[in-house]
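In what follows, a structure is listed as structure tokens, so that the remarks can point back to it.
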Amino acid sequence: MASMSSLQYTEERPFKVIVAKLGLDGHDRGAKVIARALKDAGFEVVYTGIRQTPEQVARAAIEEDADVIGVSILSGAHIHHVRLLMEKLSEMGGSDIPVVVGGTIPIVDVDELKRLGVRDVFLPGESLGRIVDVVRKLAEEKRRAELSGG
Amino acid sequence: MGTIFNEDEVKKIGEKAEQWKVVTLKQWVERLPERQESFTTLSDISIKEVYTPADIPNFSYEEKLGMPGEYPFTRGIHATMYRARLWTMRMFSGYGGPEETNKRLKFLIEHGETGLSLAFDYPTLVGVDPDDPMAEGEVGIVGVSVPSVVDMDVVFNGIDMSKVTTNMTINPPAPALLAFYVAVAEKQGVPYTQIGGTTQNDPLKEFMAQKSYVFPPEPAVKVAMDLIEWSVKNLPKWNPISISGYHIREAGATAVQELAFTLADGIEYVRQLKNRGLDVDSFAPRLSFFFDAHINFFEEIAKFRAARRMWAKIMRDWFGAKNPRSWWLRFHTQTAGVSLTAQQPWNNIVRTAIEALAAVLGGTQSLHTNSFDEPFRVPSEFAAKIALRTQQIIAYETGVADTIDPLAGSYYVEWLTDEVEERAWKYIDKIEGMGGMLEAVKKGFPQREIADAAYKFQKDVDEGRRFIVGVNVFAENEVEDIRKVPLLEFDQQETERRQKQRIAQVRSMRDQQRWARSLDELRRAAEKGENIMPYVLNAAKAYATLGEIMNTLKEVYGVYVEPPIY
């Protein structure tokens, strides 16, 4: 748990994560638990609430200058919504923002999500510790790329 | 009322237990330390080594238990319980279009299920048609798509609606789905007096959990009360509401919170209906409940027993109901979806069996058992059949249904039942202090409590204070095994295309004038605050679609936007 409590990558501003619910799915337990775990680990968290469209999430992530987007879907409609989200991000100039997805997702769909550009997929039973670690790593990567790429 | 224990005897037992603890137990523990520093239920109730009469010293049989079928109904609402009739085996089912679901319902009936329960897809749950942009990619995935009376007709093709009872897990659009159901039953020639089943129609818990809300809290409650009022007057066998703790629990609440928030919802609805000038005994016997059966075995049994005792008291003493049927807490149970794991998924069969056993020992009226493949997708036929067979094994092989409330009199179970009850009353008092559950929900009180409990549970699992086999103990590297789990396969895109096509057909073949008039009348009735139910039924029969009915109501009532609480 030590990894959850210490987050000091840059001095200027904490990492920012958008936790989003895409589609009509109302199962928000996981999204809220993860939003809170990230907050406790020092991240700045923007939780979108339920029933967001891919366009709304992409816009929020770009406007908020998010370091990572975390999408939670338990409705089985993950491929459809994530594909649209990736399209919107690229259209709107946010394809540098890494996306992770969690939810009730059959293993057979994990490969497809990764093909769409999702950086990691969290299945039921995943620990908060690992989720926080992965999100941190992705955020660090993005900040590093920003620094080197100007 | 007399206590069952002799006062001197209890005192002696208490002293003996104290002595045992400091002498015998202490010696043992020195040699053989306990497995954990402390033992607690999922509601964080501390559990002692052993229970004796000294833990329930003033236990009055009459006051706490009574006989089955008699106040306070702790032992069961029927005098006969499962010796006369087993619980209804009611499997929550639905996927794809009406055709696929019709086939699944017939499959389950053929294999011995005794009641139907429809799972709807997300567009139906939130009241949008399959061709609405919001429905894109979601039609038929988590349940069946039923956007019109024509679809409902296909769901029940070849199923005699006078012979089955059907639960519909539907909330804001409940008036429309009930209207579709009634219209199809009428078409089958079933008189209103024989239409049996349940609409979930429980708006308050939508704001705490499940989250298929549409209207803001006040109109949401108004619409639900309309359905109840219309139903008690027109459909004598219909359960117009299923006051649901299930989703509250699944969203992260403890057993105590599930119990308290559910009863507090019930209290709010009784008040609302009484405020309409209805006599409490005219509707109270039609109220039904729905609970979760989680994995912490005895706490769940205690919860079910406490629930009956508390509701009986609320109805008789708070609301002055005279008819003993008004005092009954009749309930459906579903095993805990959240207790299932994606890891070593076959273990879920065992979890479900244990949870189902708790529901039966807790005296449930009807039961759904989850399928082992549900951490991945809506169940396959194969998995759903095992889940149904699990209930049948409990019913026909184990003998647990052969006597009523067999755990009564266990010092532990009675102590725990009292403890769960006492803690639930504290919550109810708090909610009453806020002006009832409608106000408490508007303040975000239960939402916050549930979010806190969910987070605490996850931290406990993460930090090894709670164990989940295959997840944080006895875990295996098993990706390849999980890939082999046979999942339900169906062509979602084809379903979506078919459902869009059917709704377009419905729109083109209907009598446009009659259709427009029916929606206009619905709008005016809603604006005037009339009971909308007769108008919704009229619109359904004029082939108004689910989305059209809901959009008409949204224009009058508005749409809820949630302040995110986490």
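The table that follows gives values for the structure above.
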| quantity | calculated |
| --- | --- |
| Dimensionless Rg ratio for chain B, taking C-alpha atoms and the 2.2 N^0.38 Å reference | 1.00 |
| Residue-wise HN-Hα coupling along the range B:175-185, computed from phi with Karplus coefficients 6.51, -1.76, 1.60 (Hz; x: Gly, Pro) | x, 5, 5, 5, 4, 4, 5, 4, 4, 6, 4 |
| Sequence-distant lysines (8 or more away, or on other chains) whose Cα lies within less than 18 Å of A:K88 | A:K21, A:K114 |
| Where labels lie 7 Å past Cα in the beta-carbon direction, separation of B:E480 and A:D96 in nm | 4.2 nm |
| Per-residue average of Cβ from other chains inside 10 Å of B:337-343 | 3 |
| Sequence-distant lysines (8 or more away, or on other chains) whose Cα lies within less than 16 Å of B:K106 | B:K163, B:K385 |
| ³J(HN,Hα) computed for each position of the range B:440-446 - Karplus, 6.51 cos²θ - 1.76 cosθ + 1.60, integer Hz, glycine/proline x | 4, 5, 5, 7, x, 5, x |
| Amide H partners (placed H, <5 Å) of B:N239, local residues excluded | B:G197, B:T198, B:T199 |
| Exposure proxy order (Cβ contacts within 10 Å, fewest to most) of A:H78, B:H332 | B:H332, A:H78 |
| Fewest-first ranking of B:Y71, B:Y566, B:Y95, using other Cβ atoms within 10 Å as the exposure measure | B:Y71, B:Y566, B:Y95 |
| Residue-averaged 222 nm ellipticity for chain B, from DSSP H runs of 4+ at -39500 (n - 2.57), nearest 500 | -15000 deg cm²/dmol |
| Spatially proximal aspartates and glutamates relative to A:K39 (Cα-Cα < 15 Å; intrachain offsets below 8 disregarded) | A:D67, A:D133, B:D452 |
| Ratio Rg/Rh [Cα only; Rh per Kirkwood] for the range A:15-149 | 0.92 |
| Of the trypsin sites (Lys or Arg not before Pro) in the range B:204-300, those whose Cβ has at most 14 other Cβ within 10 Å and which sit in DSSP loop | B:K237, B:R276 |
| Kirkwood Rh and Cα Rg combined as Rg/Rh, the range B:7-62 | 1.05 |
| Geometric extent, Cα atoms of the range B:129-280 - Rg, Dmax (angstrom) | 16.2, 46 |
| Percent of beta bridges antiparallel (DSSP, chain B, rounded to nearest 5) | 5 percent |
| Positive-pole candidate from B:N167, B:Q343, B:P191, dipole of the protein assembly as shown, charges at beta carbon | B:P191 |
| For B:L118, residues with placed amide H under 5 Å, excluding near neighbours | B:S93, B:N167, B:M168, B:T169 |
| Order of B:M225, B:M434 - criterion: other Cβ atoms within 10 Å of each residue's Cβ, fewest first | B:M434, B:M225 |
| Potential extension, B:A84-B:M434 segment - 0.36 nm per residue separation minus Cα distance | 121.7 nm |
| Flagged links, alpha-carbon separation over 32 Å, of B:K103/B:K187; B:K12/B:K303; B:K430/B:K528 | B:K430/B:K528 |
| Nearest-0.05 FRET efficiency for B:S46 and B:K443, computed from C-beta distance (R0 30 Å) | 0.50 |
| Whole-Hz couplings from phi, Karplus 6.51/-1.76/1.60, listed for the range B:17-23; x for Gly and Pro | 5, 5, 4, 4, 5, 7, 10 |
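Every number here is computed from the coordinates shown, using simple stated rules; none is lab data. Note that this is a predicted model, so its numbers are computed, not measured. Positions of Cβ are generated from backbone atoms using ideal geometry, with glycine treated the same way; all protein chains shown enter the neighbour counts.
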